[in-house]
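Encoded as structure tokens, the structure appears first; notes follow it.
The values are calculated or read from the model by the stated rules, or taken from the named source; none is laboratory data. Bear in mind the structure is a predicted one, so any value in this text is a computation, not a measurement. Quick reminder, even Gly has a Cβ in these numbers, built from the backbone with ideal geometry, and neighbours come from all protein chains shown.
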Amino acid sequence: MNSDKNFAIEIKAGNLDVFQEFYQLYFNRLLNYASLFVAQADVAEDIVQEAFFKLWSNRQKIDTKQSITGLLYRTIRNQCLNIIKEKKVHEKFIEFASHYEDIESLYKADFDLPVQDKDDFYVFSEIKKAIEELPEKQRKVYKLAKFEGQSHKEIAEQVNISPKGVERHITLANKTLRTKLDHVKTAIFVLALLP
């Protein structure tokens, strides 16, 4: 069986047979991955097909020192995030985020990614950690607003503060999260998707 590096070398050299072998080996796994982001099966399939097409079309640019499977998964992840942004699929995104750490660990094991790829894929755990570090009331208000979609009035009644107080807590939480997650550019993009 070809290793990731051998696949990269052969595909870069234009070996179509090896590319087809690589495609058959990884297509379904990458399709399952894309489906975690995008609920529509046909859209997920289009994203994966396009990623393979781009890989073959730009094969001369492949860096054989980097993981070719890592390159594909990043391409697919970024395209999925763009679609989520365009369609504002908050519910699917939040559902994914809630069990992201389990998905991440299974994915890393499945693809046996090298260290640099593993380090690149931790955005949701960073967001979750930053939210959990917010002050207690601020965290509660933020979650009720962003993840449960409650109105300021509903939250105010639950937390026993004014609607203006709710607005202030959300503003402060957003400011804190942007500061804490400044090192993770994708995280800022993710937070902007929330309602």
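Conditions first: (1) among the charged types (D, E, K, R); (2) part of a helix (DSSP H, G or I); (3) surrounded by fewer than 17 Cβ atoms within 10 Å (Cβ to Cβ). R77 passes all but one, so which condition is the exception? Only one criterion is unmet by R77, namely (3).
Taken over segment 30-49, the residue count meeting the criterion of being touching a residue at least 40 places away in the same chain (Cβ under 8 Å) and of a type outside the set (A, V, I, L, M) is 2.
Checking each residue in segment 110-147 for being of a type outside the set (A, V, I, L, M, F, W, C), outside any helix (DSSP H, G or I) and at pLDDT 75 or above picks out E133, P135.
State all residues of segment 30-65 that are surrounded by fewer than 15 Cβ atoms within 10 Å (Cβ to Cβ) and not in a helix (DSSP H, G or I); if no residue qualifies, say none. Residues satisfying the conditions are A39, Q40, N58, D63, K65. For segment 65-100, which residues satisfy the criterion of being closer than 21 Å to E126 by Cα and modelled with pLDDT of 75 or more? Correct list: G70, Y73, R74, T75, I76, R77, N78, Q79, C80, L81, N82. Among the residues of segment 7-29, are any surrounded by 14 or more Cβ atoms within 10 Å (Cβ to Cβ), at pLDDT below 85 and among the small types (G, A, S)? Within segment 7-29, none of the residues are surrounded by 14 or more Cβ atoms within 10 Å (Cβ to Cβ), at pLDDT below 85 and among the small types (G, A, S).
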